[in-house]
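S.K.: Let me begin by handing over the structure; questions about it come next.
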Amino acid sequence: MPVIVRALTFPAPPDAVWALLVDLERQPTWMRDLKSITPSSPGPLEVGFRAVGRVRMFGVTQEDPIEVTAFEPGRHLGMTHGGGFTGRADFWLEPLPGGRRTRVTWREELRPDAAGLGLPEVVGPLLRLL
C-alpha cells in the first residue's frame, strides 16, 4: 500500500498548531473523512489513549478504532488505525525560523483489512486521491 505524506506550513507557532491537532472535538473540522470521534478510554490524550472515529471513505461510513502510540507535546503525535483500513498515522510539527510558523508533516500508511475492502492495486490509487 502507498505511504501518503503531506507537508503544510501554518501561520501559527507550534503550541497553537498542537492545541488544534489534539483537540478531538475539532478534528472533524479539518480532517475531511472524519465525521466524529468518541473517546473509548478515560483520561487525557497520551500514549495508550483509545478512541473510535467515524469515517466516510469511498462512500462507505465505518468505525475506525485508533490508539495513540506517540505523544510528544508540540512535536509528534502518532496513532494506529484498526478499522476497515489498518495502519498508522503520524504528525510531526517543526517550528520554522522566527517561531511564528509551523511545518506539519502528516504521514499515513493504510492497508485494507482482512475483510477484503479492496485489493491494494485498486485501493492504493484511491487513497492517494484522499
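The values are calculated or read from the model by the stated rules, or taken from the named source; none is laboratory data. What you see is a predicted model; the values in this text were computed from it and never measured. Cβ sites come from the backbone with ideal geometry, for glycine too, and all protein chains shown count toward neighbours. These area figures cover heavy atoms from the full protein model, side chains too; ligands, DNA and RNA do not enter into them. Shrake-Rupley method; radii C 1.70, N 1.55, O 1.52, S 1.80 Å.
S.K.: Can you tell me how many residues in the stretch 34-51 are in contact (Cβ under 8 Å) with a residue 12 or more places away in the chain, open to solvent by 40 Å² or more (accessible area, probe 1.4 Å) and out of contact with any helix residue (DSSP H, G or I) (no Cβ under 8 Å at 6 or more places or on another chain)? Give the derivation first.
M.R.: To start, the set of residues in the stretch 34-51 that are in contact (Cβ under 8 Å) with a residue 12 or more places away in the chain comprises 34-40, 45-51.
Imposing the further condition that a residue be open to solvent by 40 Å² or more (accessible area, probe 1.4 Å) reduces the set to 35-36, 38-40, 46-47, 50.
Remaining after also requiring out of contact with any helix residue (DSSP H, G or I) (no Cβ under 8 Å at 6 or more places or on another chain): 38, 40, 46-47, 50.
Qualifying residue count, the stretch 34-51: 5.
S.K.: Here is a list: THR102, THR9. Which entry is of a type in the set (Ser, Thr, Tyr), surrounded by 14 or more Cβ atoms within 10 Å (Cβ to Cβ) and at pLDDT 90 or above? Even if it seems obvious, please write down each step before you answer.
M.R.: Working: THR9 fails: surrounded by 14 or more Cβ atoms within 10 Å (Cβ to Cβ).
Checking each option against the conditions leaves just THR102.
S.K.: Next up: Could you say whether any residue in the stretch 13-33 is among the small types (Gly, Ala, Ser), open to solvent by 20 Å² or more (accessible area, probe 1.4 Å) and closer than 24 Å to ARG111 by Cβ?
M.R.: Taking the stretch 13-33 as the starting set, the residues that turn out to be among the small types (Gly, Ala, Ser) are 16, 19.
So of that shortlist, the ones also open to solvent by 20 Å² or more (accessible area, probe 1.4 Å) come out as 16, 19.
Restricting the remaining residues to those that are closer than 24 Å to ARG111 by Cβ gives none.
No - not one qualifying residue is present in the stretch 13-33.
S.K.: Which of (1) out of contact with any Gly (no Cβ under 9 Å at 6 or more places or on another chain); (2) within 18 Å of VAL5 (Cα to Cα); (3) among the aliphatic types (A, V, I, L, M); (4) modelled with pLDDT of 95 or more does VAL123 not meet, given it meets every other one?
M.R.: Checking VAL123 against (1) out of contact with any Gly (no Cβ under 9 Å at 6 or more places or on another chain); (2) within 18 Å of VAL5 (Cα to Cα); (3) among the aliphatic types (A, V, I, L, M); (4) modelled with pLDDT of 95 or more, the one that fails is (4).
S.K.: Go through the stretch 67-92 and report how many residues are within 15 Å of PRO112 (Cα to Cα) and either free of Cβ contacts under 8 Å to residues at least 60 places away in the same chain or open to solvent by 50 Å² or more (accessible area, probe 1.4 Å) (or both). Talk me through it step by step, then tell me what you get.
M.R.: At the first step, the residues of the stretch 67-92 found to be within 15 Å of PRO112 (Cα to Cα) are 80-89.
Okay, now just the ones that are also either free of Cβ contacts under 8 Å to residues at least 60 places away in the same chain or open to solvent by 50 Å² or more (accessible area, probe 1.4 Å) (or both), so 80-86, 88-89.
Number satisfying all stated conditions: 9.
S.K.: Looking only at the stretch 78-85, decide whether some residue is at pLDDT 90 or above, of a type in the set (Gly, Ala, Ser) and touching a helix residue (DSSP H, G or I) at 6+ places or on another chain (Cβ under 6 Å).
M.R.: Looking for residues that are at pLDDT 90 or above, of a type in the set (Gly, Ala, Ser) and touching a helix residue (DSSP H, G or I) at 6+ places or on another chain (Cβ under 6 Å), one finds none in the stretch 78-85, hence no.
S.K.: Among the candidates VAL68, VAL17, VAL47, single out the residue that is modelled with pLDDT of 95 or more and in a strand (DSSP E or B). Walk me through it before giving the result.
M.R.: Numbers: VAL17 fails: in a strand (DSSP E or B); VAL47 fails: in a strand (DSSP E or B).
Just a single option satisfies the conditions, and that option is VAL68.
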